[in-house]
Amino acid sequence: MTHDVKSKMARPRSTMKFWKPGSEAPTISEERDLNTEIGGSTAVYNPFIALSIEKQRQKLPVFKHRNNILYLLETYQTVIIVGETGCGKTTQIPQYLLEVGWAAEGKVIGVTQPRRVAAISVAGRVAEERGARLGHEVGYTIRFDDCSDPQATRIKFLTDGILIREMMADPLLKKYSVLMLDEAHERTLYTDIAIGLLKKIQKKRPELRLIVASATLDAKKFHEFFNQNESGDPTRDTCGILSVEGRTFPVDIFYTLSPVPDYVKATVETVMKIHEAEDNGDVLAFLTGQEEVEKVVSLLQDQARSLSRQGMRKHLRILPMYSGLPYADQMKVFERVPATVRKVVVATNIAETSITINGIVFVIDCAFVKLRAYNPNTGIESLVVTPISKASASQRAGRAGRNRPGKCFRLYTEEDFEKLPPSTVPEMQRTNLAPVILQLKALGIDNVLRFSFLSPPPAQSMVQALELLFALGGLDNYGRLTEPMGVRMAEFPLSPMFAKMLLESGNFGCSKEIVTIAAMMQIQNIFVVPPNQKKAAARQHRKFAVAEGDHLTMLNVYEAYVKHQKSSKWCQQHFLNYKGLQRALTVREQLRRLMTKFKVVWTSSEGDPDVILRCIVAGFFANAARFHHSGSYRTLRDDRELHIHPNSVLYGEKPPKWVVFNEVLQTSKYFMRDVTAVESSWLVELAPHFYKQAKHDSLGSKRSRIV
Ligand code: CDP
Ligand code: MG
């Protein structure tokens, strides 16, 4: 991305410090997207839709590089391809490879995606371009959903997590001739792990080709990592880079002279100033989440209405853009507007690299993004509004210079810009590593500390993960995978805590209920709350709620759904997510099959809730909290303050003394999600190595030394 960085004025604003983001109550929808990758889909815009498929393919920027890409792949073991979103990397490159025979003799071209929805949608598109039925020549595999044919599929889209699972059965990934790691710039945990593992595999299989596809120019790190050439002679490089970057225009950067106290308000003001003072050109504003986007949209719509009352000639069209938005509404941001209208797209980070909107000339950048964060000292994983990196700031600014020179208004001072980190911290360095360490161990990588990481995680996160896996019984004293518990835990496509709960459920005598609970916990927003029917929805939802908490409530919902013949009408009447429940059904069935494979006895607690709750504790004991006289909760491990999430059935009820929870969300506070009341004695009984009984009623928070 080339754009001039100039520091010019923007009008002085207030002299207050940066507004501290996130002082509002959280909403659930978008956050669970981020957390579980089962989210809404992102719209794809195709400007050439009227042309034949063949013509459409030839119009894409990547087409000009076809031969070059194929040549590079003959020459180098690894090829890094950089190109803007929409240039054709994902849909075209695998087809070029197929066309010249990279999938001959039963070999497969694999393309990884960090997001499940992306895998499904690009697979659909490529199948369509080839006139093939999805699941045959072109297919996809994601967790709980395999739409590929081991014999027929030549191009397979799969999530990065699934690729690592496939390595358990096929450590050298022998069926693949080429693997393309797509969206590598996102640096997701599993893409990074796949990169480390594939470098190892390449040593044993030099013929295996890798393509690392990235939408940002920051590709040097990949090149250094993959280039095995130590001679310094470039003709002996083992890794090549190709840039498909289209033309970009210079972008003038403007900073505020003093920090803005409230970037939501500042965004609205800046849009209005652009509208008054600047020539034609659409505006793209970046905010951190759905709620902020909706707020800015509604404030701007008020302003737009008053402008048109004043008879202003040029109108504003304000459009939101975030991943939870219905598809048809997302598509609106790509529509052209007449010359008398200025389009203003108010978006989350989705507009940084996931989508490309034509006609943007002005960008407004609030300097923040919502990211997953992990505190290795407390073991708490949360979603936090964080300052962006310089690389993100420049990527955002670049969105203004696609069609002609543009302007980027940064709602922060140049001084603050200088303080930003150079690039976003990879997920590997800000996440709970227990699931991935378990998988590395299952792949025979015993010394995880010496694994070839693209960016090594903090040692403290490693230690935390090893301790947790030990406490769950997945690792022994020497850090080796236990048989059968550890091996089975690794095979479960769920986090180790869930896996443990499921694997133990037969012994507790409640596997039928636990498998339902685990399936329901994978689905977002089972309860539907239409904004204009909040009260009616709450009335219906209360019918399912139980004092024990969210897990048993979800069990009730599922059982009622089955009892009412899985009827969509019944779901609608009770404000339940029908599609979500259908999905819970399939997830449950797949988990049940795995449990049968592992010989978990098929049992029911026959209405006894305690059996189920104890089994939940057997998996989630590390996530325990006790009610504190201050009115909030404190973690048992390190006394951190926690609150019950407003979406929990326990919210606003008489607080149970002890709870366990599935996860924590941090917005204005730390919120526990999926919470259930437990007895403190169960914690000591079921996780004695983790908790010690203190003298009085309370539990000791010190762990015994493990690992
Ligand atoms: O991977 P990259 O972002 O470089 O582009 P792509 O996903 O291969 O998409 C290339 C083009 O294909 C897009 O610009 C769209 O015109 C079209 N496309 C589509 O029409 N429908 C899809 N589901 C995906 C892509
Ligand atoms: Mg792509």
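Among the residues of the range 108-125, are any more than 16 Å from ligand 2 (Cβ to nearest atom), surrounded by fewer than 20 Cβ atoms within 10 Å (Cβ to Cβ), in a helix (DSSP H, G or I) and not β-branched (Val, Ile, Thr)?
We begin by selecting, within the range 108-125, every residue more than 16 Å from ligand 2 (Cβ to nearest atom); these are 108.
Now narrow it down to the ones that are surrounded by fewer than 20 Cβ atoms within 10 Å (Cβ to Cβ): none.
No, every residue in the range 108-125 fails to be more than 16 Å from ligand 2 (Cβ to nearest atom), surrounded by fewer than 20 Cβ atoms within 10 Å (Cβ to Cβ), in a helix (DSSP H, G or I) and not β-branched (Val, Ile, Thr).
In the range 409-446, what residues are out of contact with any strand residue (DSSP E or B) (no Cβ under 6 Å at 6 or more places or on another chain), more than 30 Å from Ala490 (Cβ to Cβ) and in a helix (DSSP H, G or I)?
Of everything in the range 409-446, those that are out of contact with any strand residue (DSSP E or B) (no Cβ under 6 Å at 6 or more places or on another chain), more than 30 Å from Ala490 (Cβ to Cβ) and in a helix (DSSP H, G or I) turn out to be Glu415, Asp416, Phe417, Glu418, Lys419.
For the range 414-436, which residues satisfy the criterion of being aliphatic (A, V, I, L, M) and under 13 Å from Thr188 (Cβ atoms)? Even if it seems obvious, please write down each step before you answer.
Within the range 414-436, the subset aliphatic (A, V, I, L, M) is 420, 425, 428, 433-434, 436.
Scanning the range 414-436 gives Val425, Met428, Val436.
So, of the residues in the range 68-104 that are assigned to a loop (DSSP other than H, G, I, E, B) and within 18 Å of Asn227 (Cβ to Cβ), which turns out to be farthest from ligand 1 (Cβ to nearest atom)? Spell out how you get there, then give the answer.
Initial filter on the range 68-104 (assigned to a loop (DSSP other than H, G, I, E, B)): 76-77, 83-88, 100-104.
Subset that is within 18 Å of Asn227 (Cβ to Cβ): 76-77.
Values: Tyr76: 20, Gln77: 22 Å.
Looking at the filtered set, the residue picked out is Gln77.
Applying the selection to the range 183-205, what residues are at pLDDT below 95 and part of a loop (DSSP other than H, G, I, E, B)?
Residues satisfying the conditions are Glu183, Arg187, Thr188.
Only one of these conditions is not met by Gly473: (1) farther than 27 Å from Lys669 by Cα; (2) of a type in the set (Gly, Ala, Ser); (3) within 22 Å of the chain's Cα centre (by Cα). Which number is it?
(3)
In the set Leu173, Leu134, Leu179, which member is touching a Lys or Arg at 6+ places or on another chain (Cβ under 9 Å) and assigned to a loop (DSSP other than H, G, I, E, B)?
Numbers: Leu134 fails: touching a Lys or Arg at 6+ places or on another chain (Cβ under 9 Å); Leu179 fails: assigned to a loop (DSSP other than H, G, I, E, B).
So the residue among Leu173, Leu134, Leu179 that is touching a Lys or Arg at 6+ places or on another chain (Cβ under 9 Å) and assigned to a loop (DSSP other than H, G, I, E, B) is Leu173.
With respect to Arg236, is the statement that it is of a type in the set (Lys, Arg) and either within 16 Å of ligand 2 (Cβ to nearest atom) or surrounded by 19 or more Cβ atoms within 10 Å (Cβ to Cβ) (or both) true?
Working: of a type in the set (Lys, Arg): yes; either within 16 Å of ligand 2 (Cβ to nearest atom) or surrounded by 19 or more Cβ atoms within 10 Å (Cβ to Cβ) (or both): no.
Taking the combined requirement at face value, the residue does not satisfy it.
Hey, any hits in the range 136-158 for a residue that's within 16 Å of ligand 1 (Cβ to nearest atom), small (Gly, Ala, Ser) and buried (at least 23 other Cβ atoms within 10 Å of the Cβ)?
yes
Looking only at the range 73-101, how many residues end up being more than 16 Å from ligand 2 (Cβ to nearest atom) and in contact with a Pro (Cβ under 9 Å, 6 or more places away or on another chain)? Walk me through how you get there before you give the answer.
At the first step, the residues of the range 73-101 found to be more than 16 Å from ligand 2 (Cβ to nearest atom) are 73-78, 98-101.
With in contact with a Pro (Cβ under 9 Å, 6 or more places away or on another chain) added as a condition, the list becomes 77.
Final tally of qualifying residues: 1.
Just to check your reading of the model, which residue among Ser505, Ser461, Ser511 is crowded, with 17+ Cβ neighbours inside 10 Å and at pLDDT below 95? Walk me through how you get there before you give the answer.
Working: Ser505 fails: at pLDDT below 95; Ser511 fails: at pLDDT below 95.
Just a single option satisfies the conditions, and that option is Ser461.
Being surrounded by 21 or more Cβ atoms within 10 Å (Cβ to Cβ) and in contact with a strand residue (DSSP E or B) (Cβ under 7 Å, 6 or more places away or on another chain) narrows it down to one residue among Gly379, Gly359, Gly406; which is it?
Every option except Gly406 fails the conditions.
Hey, any hits in the range 67-89 for a residue that's under 16 Å from Ile53 (Cα atoms) and out of contact with any Ser or Thr (no Cβ under 9 Å at 6 or more places or on another chain)?
yes
Please identify the pairs in which a residue from the range 492-505 that is closer than 15 Å to Ala471 by Cβ and assigned to a loop (DSSP other than H, G, I, E, B) has its Cβ atom under 6 Å from the Cβ atom of a residue that is modelled with pLDDT under 95 and not acidic (Asp, Glu), counting only partners at least 6 apart or on another chain.
Every condition considered, the pairs that remain are Ser495/Pro435.
Quick check on my filter: what residues within the range 346-358 are part of a loop (DSSP other than H, G, I, E, B) and modelled with pLDDT under 90?
Step one: filter the range 346-358 for residues part of a loop (DSSP other than H, G, I, E, B), giving 348-349, 354-358.
Within the range 346-358, Ser354, Ile355, Thr356, Ile357, Asn358 qualify.
Right, Gln524: assigned to a loop (DSSP other than H, G, I, E, B), in contact (Cβ under 8 Å) with a residue 60 or more places away in the chain, more than 17 Å from Lys512 (Cα to Cα) and of a type outside the set (A, V, I, L, M) or not?
Numbers: assigned to a loop (DSSP other than H, G, I, E, B): yes; in contact (Cβ under 8 Å) with a residue 60 or more places away in the chain: yes; more than 17 Å from Lys512 (Cα to Cα): yes; of a type outside the set (A, V, I, L, M): yes.
In short, yes.
The values are calculated or read from the model by the stated rules, or taken from the named source; none is laboratory data. In this text the structure is predicted, and so the values were computed from the model without any measurement. Virtual Cβ from ideal backbone geometry, glycine too; neighbours counted across all protein chains shown.
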